[in-house]
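*Asks:* Below you will find the structure I want to go over with you.
The values are calculated or read from the model by the stated rules, or taken from the named source; none is laboratory data. Just so it is clear, the structure is predicted and the values come from calculations on it, not from any experiment. Glycine also receives a Cβ, built like all others from the backbone with ideal geometry; neighbour counts cover every protein chain displayed. What goes into the accessible areas is simple: the full protein's heavy atoms, side chains included, and nothing from ligands, DNA or RNA. Shrake-Rupley method; radii C 1.70, N 1.55, O 1.52, S 1.80 Å.
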Amino acid sequence: MRAAQDRDVLTSQSSSPSWLRITGAVSITIIVLDRITKWWIESRLEPGSCERAEDACIDIIGSLRLHFIENPGMAFSRGENIGPLLGVVAFVMSGVLLRLAMTSFSPWRQAMFGLIIGGAIGNLIDRIVRADDGFLSGSVVDFVDLQWFPIWNVADAGITCGVIGLLLLGNRGEPHERQQRQTAAQPQTEESND
């Protein structure tokens with residue numbers, strides 16, 4: 001009976017709307033920032049090489065510049081011909097990560113899932129709205145150029161920070177879930193005495 005009660009508590013906690021507030025807020029923030037920055041870049045710069053087009057870049061400070069490129073592949077301009085496949089993978093992974101966020105008890109882990117989901121959806125939106133050659137064939141707008149690292153965008157930063165955050169959290173960050181599992185696994189001495 002006690003194990004059933006513990007399962008009910010675990011289920012009710014995982015269905016708590018806190019995951020939605022945290023993961024949803026972080027995801028929406030990344031998507032909005034990504035869309036605004038990409039819209040601004042597209043309205044200010046022409047895509048292309050800084051060496052060939054004077055209005056393709058804006059130098060900021062040091063080696064940091066805004067440099068508008070259209071990326072038909074995945075992160076760091078790899079896999080140019082697999083954009084539609086990447087779009088499908090991003091959609092599926094967003095669903096999987098959303099499910100993981102729903103069952104997570106850690107607000108930090110929920111936030112990391114939100115960063116990744118927001119980034120995946122941000123780039124997925126590019127593949128949809130910029131598609132000219134079929135569904136999900138659009139290129140992703142990349143624009144942050146350090147000149148010593150591949151060019152990236154806000155969505156890429158969200159994905160990268162979310163993955164690094166999850167790796168740093170490791171198995172930590174789920175104290176309530178661990179405690180519930182340990183309690184459920186302990187022998188029920190009180191019930192056996194009755």
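*Asks:* From the list I117, I151, which residue is farther than 23 Å from W19 by Cβ, touching a Ser or Thr at 6+ places or on another chain (Cβ under 9 Å) and touching a residue at least 24 places away in the same chain (Cβ under 8 Å)?
*Replies:* Among I117, I151, only I151 is farther than 23 Å from W19 by Cβ, touching a Ser or Thr at 6+ places or on another chain (Cβ under 9 Å) and touching a residue at least 24 places away in the same chain (Cβ under 8 Å).
*Asks:* Something else: Would you pick out the residues in region 46-66 that are open to solvent by less than 30 Å² (accessible area, probe 1.4 Å), in contact with an Asp or Glu (Cβ under 6 Å, 6 or more places away or on another chain) and outside any helix (DSSP H, G or I)?
*Replies:* A53
*Asks:* Now a separate question. Kindly evaluate G79 against the criterion of being under 18 Å from T160 (Cβ atoms) and either open to solvent by 60 Å² or more (accessible area, probe 1.4 Å) or at pLDDT below 85 (or both).
*Replies:* Details: under 18 Å from T160 (Cβ atoms): yes; either open to solvent by 60 Å² or more (accessible area, probe 1.4 Å) or at pLDDT below 85 (or both): yes.
It is true that G79 is under 18 Å from T160 (Cβ atoms) and either open to solvent by 60 Å² or more (accessible area, probe 1.4 Å) or at pLDDT below 85 (or both).
Let's see how each residue does on (1) at positive phi; (2) among the β-branched types (V, I, T); (3) modelled with pLDDT of 90 or more:
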{"site": "I31", "(1), (2), (3)": "no, yes, yes"}
{"site": "K38", "(1), (2), (3)": "no, no, yes"}
{"site": "D59", "(1), (2), (3)": "no, no, yes"}
{"site": "L86", "(1), (2), (3)": "no, no, no"}
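*Asks:* In this structure, is I164 within 20 Å of L97 (Cα to Cα) and at pLDDT 90 or above?
*Replies:* Answer is yes for this residue.
*Asks:* Moving to a separate point now. Tally time: how many residues in region 126-154 are open to solvent by less than 50 Å² (accessible area, probe 1.4 Å) and not in a loop (DSSP other than H, G, I, E, B)?
*Replies:* 9
*Asks:* Okay, moving on. List, please: which pairs have Cβ atoms under 7 Å, are six or more places apart or on different chains, and start with a residue in region 84-110 that is touching a residue at least 40 places away in the same chain (Cβ under 8 Å) and end with one that is part of a helix (DSSP H, G or I) and open to solvent by 60 Å² or more (accessible area, probe 1.4 Å)?
*Replies:* If the second residue must be part of a helix (DSSP H, G or I) and open to solvent by 60 Å² or more (accessible area, probe 1.4 Å), the pairs left are F105/Q13; F105/H176.
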